[in-house]
Every structure is written in C-alpha cells, then in structure tokens.
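Derivation of every value follows stated rules applied to the coordinates shown; laboratory data play no part. From a predicted model like this one, the values you see are computed outputs, not experimental measurements. Using ideal geometry, Cβ is built from the backbone for each residue, glycine included, and neighbour counts are taken over all protein chains shown.
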Amino acid sequence: MYGKMFSACLYGIDGVIIQVEVDISNGLPQTSIIGLPDSAIREAVERVRAAIKNCGFRFPNQRVTINLAPADLRKEGSAFDLAIALGILVTSGQIVLPSDIRLLMIGELALDGTLRPVSGVLSMVDRAKQEGFNAVLLPEENGAEADLIKEINVYSLGHLRELLYPGGILLPKAGRKESDPPVILHSLDFLRKSPSSTPILSASYIYSASYEDYSDVLGQQHVKRALTIAAAGMHNIVLIGPPGTGKTMLIKRLPTILPALTEQESLETTKIFSAAGKLKEPSTGLLKQRPFRSPHHTISSGGLIGGGTIPKPGEVSLAHRGILFLDELPEFSRNVLEVLRQPLEDRAVTISRARAVHTFPAHFMLCASMNPCPCGYLGSDHPEHRCTCSSTRIASYRAKISGPLLDRIDLQVDVPRPKEWTKETFSLSSEEMRERVMLAHRIQLRRYRHLPFSYNSELGGRHLRNFAALSSDTATMLQETLEALGLSMRAYDRILKLARTIADLDAKDTIGSSHVAEAIQYRNLDRQQNQAEEVT
C-alpha cells in the first residue's frame, strides 16, 4: 500500500515543499525514515507511534517505509510529524481525507496526540500558496500566523483525535480494529477557527515608542541633527564620546523617527522572525515597526551573521529593514566586526555549506557607539576625570575598527559632554524630527519609484552620478578635501549619498556646497586619524 502527503521545511528563511511518501508492506514489523532526515525526524517514529495508539487509531504491524522527497535535500525539525502520522493512517485505510483539496500538513505531535507549534510556518505557507496548494492543516497555535497569507484555507488542529469525530466529540482511547470502517472526512471545514485577535507581543525584538522620546534628551542638538540625517537616508552612524553623554540613549530613540515598514518590507521581516522562531504570540497582522537589535559584545561571528550545520539567520538578518545597534563598538572582537563588511555592502549574507548555499537578507542600518579612548575621557574636559591613556593605547583601541569597516559608516559624530545642560530650554521631540525624516523619505520614494531601491544610502554606480551630481566648484572643493584627508573612493561615494540626503531635508533638487561641507564634517574619525598621522 502506498500513500503520499505533503509537508514543508525551511531552507534558510524560505519554505520548501516536501513529499512524505508512505509504503506499507508485509514483512517483519519495522518503521524506517529515509531522505536525509536529522535526529528530530528519525525520532518522529516513536512520537507518531505513541500518538496514533493513544488517539484510538491502529499503528500497522507491518513494514513501514517513509521517504522524504527530494531525497538529496537535508531536512531538520519536527514539522513532518503530522504528515507522517496522517500518511500512515490514510495508507492503512483508517482515514479518508477530502479529495477536492490539495493539503499541506505541518505540525509536531506529542505522545498523546496533541499538536505543538513549529517555527517558520509563514514561509512554508507562503511557498505552498505559490505552488498551488489551497489548504493547510497545522497546530492551533500557528493558525493566526498562517492566516497572514491570504487566499489559502487554514485548518487548525488541536489534537489528532479530533479527526475521529468531526463533531468535536472524542472517542475513548480504545484502539480501532482492522474490521472497523474508515473515518471518511468529506470536508475539513469543522476544523476552521477564527484567528486570534491578540497582537504580537515580542517586546524584546520590536521597539515600542510609547515611553521613549527625543524630548527626554537635553542638549546635543548637533547629534540629533546627525541622527535625523541618518534616519532620512537610512545611513550608518557611529557616536563617539565619553561615558554619560547620552550616546546609547540617543540611538535607542532612533526607531521613534523612522517610518513604518512598507507591506513588502513587513512580509520580508515577518518571515525572518518566523523562521528564527521569534513569533511566539499569535498575530492578526504582519510586523509594522522596524526591528531594533542590540547584541552583546561577546557575540560570535556565527551569532551575528548566522550559521549552524543548517544555517539559521543571525542578528544582521533579524535587523533586516531595521537597526543593528552595536554598543561599545571596540569591545566587539575584531573578527566579529570584520564579518559585517560584506552585508553592509551587499545587504545580504551568503553562507556556504558542503551541501548547499544559503542567502539571508541583511538590509539594515548599522548604529554604533564608542568611547574616544580606553578610559573614555579623551578630550572630555571633565572636571574630575582626566584621560590617562597613552597614544599607543589609544591607537591600539581604535585599531580594533578597521579602515574598510570605518569607510562603510557614513556619519561619525562626536558627542561631547553637554555644558549647562540644566539650563536647556529647547529640545527637539521625536515627532518634530520624524516630520523632517518623512519629508525626505517621500522625496526619495518619488525620485526612485521606477528603480529597485528606495533610499539614498542604496545609491551606487551610475545612479549615484545621476542623482547626486555636483557643480564644478562643489566637485573641486570635495576633491581637494578628500586629498587632504586621504579618504578612499568609497568614502567619496558615501559623502555624496550623505549630501544628497541633506539636500532632501532642505527640499532642494540640487546638491549645494553647504550640503557637501556638512557631509564632510561628519567624517570625524577620518579627520582625527589623519591628524594623528601628521603628528607622528
């Protein structure tokens, strides 16, 4: 006897449809799973056997072979349990499923037959829709997440025994006999349940602006200006200053001035969180607020960009379309920081393994903070603290951030100790800053409406020359400045992008010399490094 069900697994963050073939034949009682399964899948035999028996069904006392196709794709996870169980029940003639639907089955089985939720359902259901499936059967806890994909019927199953009595009355645990007629299911509509209205409560991953505002930050108007520019063009930024000047406080409020995710960006971000198992609460909508990720400086390179035998998304992918905040940047391992170079340039992470190559999206704003020296008080003019670091220690401290990585950070802003901050009477609020950001965003969306990007930070090649063209006088000034500071051509391009954003904030079509001059002044670390080299 032969039967075939359909399930799915994750390949990176994308869903892949897997055929679950079941063959039941005469021979010594034995159950085997083939098709490159991992340990969790091989252990499914015992979970499925116990669940089938404890739900009143009969596990075949024959030779059972289960094949997961395509056989050359390595598979992991417990999402195949339901398809394996129903494949055995259908093939052995105990259940007859509706013939008018193409059904995808996802879910982990407990020993008593209860269905447990799995990760990555959003990507799996999205793939099923693309491949022509019109229904999906999965655990109740995953129902609301699957409902985010429209035009596909979602059937939620809480317990395997619900299939015995479509009316909802459970059979006693006594097992079925071979002579018992099969349970014929003409429809699965009795399993349909309205999605939960509970919103996603992932506060650890999604920023809430309900209690933080830039009006809380007194002074530092020039830093707020720099953060407004960074948000307007989605530029990378690093804040340099002594302890207690508000660097972390300023960056943590950056999401309050960013626009909400677009529909396409929202789907991309939600799929990543689903694949990583971060959507633990039911939802009635896709994520709308931009992610804000702040990993500890002890993170490994694999944790930052993703990894594993079957790679999973790392922090740079979880920050996709949002912010990756690295607090105390030089405290991170240099090897860890260097792996950021490719995703900052390509906006994606490619991880190669012997059997496959995985690509994860990683289009994020890099925001960082750092002290000017190991003790933190270089140039702070603090009345009680004086810098005690030697020039060698300072050079070694800053050398943890390589030149190529520094080149990829558009704004390098000094955050000095505020003077007379208690007398501050005016402080920009997040709402005021966000209005300016939204004006620049609307200009960029209109300008790039026919191009495959949306923000000035994504400009490159001929598009950068077209949309950030300079007058001859301004170009000469920029060229002389670059030669004086010894900047690279990458820094040149990033100054152009930054000047384009500053012009957008002023609602100007052309880039003026004042815009370029302001963009140049945000290369603080480059200027300081050049001055240090001249001294030595």
Original post:
Fewest first, what order do Ser352, Ser123 take by the number of other Cβ atoms within 10 Å?
Top reply: Ser352, Ser123
Subject >> Whole-number percent relative contact order across the chain, with pairs defined as alpha carbons under 8 Å at least 6 apart >> reply: 13
Subject >> Between 0 and 90°, nearest 10: helix 524-535 axis offset from the chain longest Cα axis >> reply: 50
Original post:
Any idea how far the Cα center of the range 354-419 sits from the one of the range 61-134, in Å?
Top reply: 50
Subject >> Alpha carbon centroid spacing (whole Å) that separates the range 1-60 from the range 140-164 >> reply: 20
Original post:
What list do you get for Glu76, Glu480 if you sort them by fewest beta carbons within 10 Å?
Top reply: Glu480, Glu76
Original post:
Of the lysine pairs in the range 2-191, how many meet both conditions: Cα atoms under 22 Å apart, and a spacing of 8 or more in sequence or different chains?
Top reply: 7
Original post:
Ignoring the sites themselves, what is the longest stretch of the chain with no chymotrypsin sites (Phe, Trp or Tyr not before Pro) in a DSSP loop and at most 15 other beta-carbon atoms within 10 Å?
Top reply: 212-425
Original post:
Taking neighbour Cβ counts within 10 Å as the exposure measure, how do Thr248, Thr270 sort from fewest upward?
Top reply: Thr248, Thr270
Original post:
Taking only the alpha carbons of the chain, what extent do you get along each of the three principal axes, in Å, biggest first?
Top reply: 92, 47, 44
Subject >> Long-range Cα-Cα pairs in the range 298-381 (distance over 16 Å), rounded percent >> reply: 55
Original post:
In degrees from 0 to 90, rounded to the nearest 10, what is the angle of the helix 221-233 Cα long axis to the longest principal axis of the chain?
Top reply: 50
Original post:
From the square roots a ≥ b ≥ c of the eigenvalues of the alpha-carbon gyration tensor of the range 214-458, which class results: rounded (a/c under 1.5), prolate (a/b over b/c), or oblate?
Top reply: oblate
Original post:
Which trypsin sites (Lys or Arg not before Pro) from the range 394-494 combine a DSSP loop assignment with at most 10 other Cβ atoms within 10 Å?
Top reply: Lys419, Arg449
**OP:** Within the range 305-357, list the trypsin sites (Lys or Arg not before Pro) lying in a DSSP loop whose Cβ has at most 15 other Cβ atoms in a 10 Å radius.
**Re:** Arg353, Arg355
Original post:
Within the P(r) computed for the range 2-191, what percentage of the Cα pairs occupies the region above 29 Å?
Top reply: 15
